[in-house]
Structures are given as structure tokens and as C-alpha cells.
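Since the structure comes first, as C-alpha cells, the remarks are kept for the end.
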């Protein structure tokens, strides 16, 4: 899965934690906001926000969503089709996306 963030600059494709951190940092800087000010406004610690912006992959999703909301960013998640020639293991092995029934 890949996420797309949408804001005034347009949609941005997010493929990993580093991409997410760069989007958050740029949105904060575009607002002229310090990390400390955003941390207070979003209800997160300064250390946590610094780690998020640095691309730390273990950020808690609830806090990420709260931070994005404070920045006025939306989140859209969609399945990504593999590039031509790229192997899709879900298709190969018949993975049902974790749905059992």
C-alpha cells in the first residue's frame, strides 16, 4: 500500500517513513511553525515529532493522524499495482489480504 497526502501543493506519494517525515517537516515549515509549537498544538512530545520528521519508522499511527490533522493534511490510502515486470506475491500466492472466511 502507498499513501497520498493532499494539500495546497497537490498530492504527494508517500512510500515510507522518510517520505512521511519530509512531508510533515515541509508542511510545518510552510506554516512558519517551529517543532515545539506544532508539538504543543498536536498534543505530541517534541522528541516524538522530531523522530517523525527524521523518518523514524515506529511512529504511532494515532499520533501521526493527529499531527497531520493539525497541519491541515488529508490522507488517502489505495492499493498499488505492481510495475510491469514486478512480481506481486499476493497475486502469486492468492493472498486474500488477511481476510479469512
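The values are calculated or read from the model by the stated rules, or taken from the named source; none is laboratory data. Just so it is clear, the model here is predicted, and its values are computed rather than measured. As a convention, Cβ positions derive from the backbone with ideal geometry for all residues, glycine included, and neighbour counts pool all protein chains shown.
Taking the range 10-31 as the range and being touching a strand residue (DSSP E or B) at 6+ places or on another chain (Cβ under 7 Å) and over 15 Å from residue 70 (Cβ atoms) as the test, the residues that pass are 11, 12, 13, 14, 15. Taking into account only those residues within the range 60-72 that are within 10 Å of the chain's Cα centre (by Cα) and surrounded by 12 or more Cβ atoms within 10 Å (Cβ to Cβ), which is nearest to residue 17 (Cα to Cα)? So, considering only residues that are within 10 Å of the chain's Cα centre (by Cα) and surrounded by 12 or more Cβ atoms within 10 Å (Cβ to Cβ), the one nearest to residue 17 (Cα to Cα) is 64. One residue alone among 88, 96, 76 is out of contact with any strand residue (DSSP E or B) (no Cβ under 9 Å at 6 or more places or on another chain), surrounded by 10 or more Cβ atoms within 10 Å (Cβ to Cβ) and either closer than 22 Å to residue 17 by Cβ or modelled with pLDDT under 70 (or both), and that residue is 88. Once the range 1-58 is narrowed to residues that are in a loop (DSSP other than H, G, I, E, B) and under 12 Å from the mean Cα position of the chain (by Cα), the residue that is modelled with the lowest pLDDT is 1.
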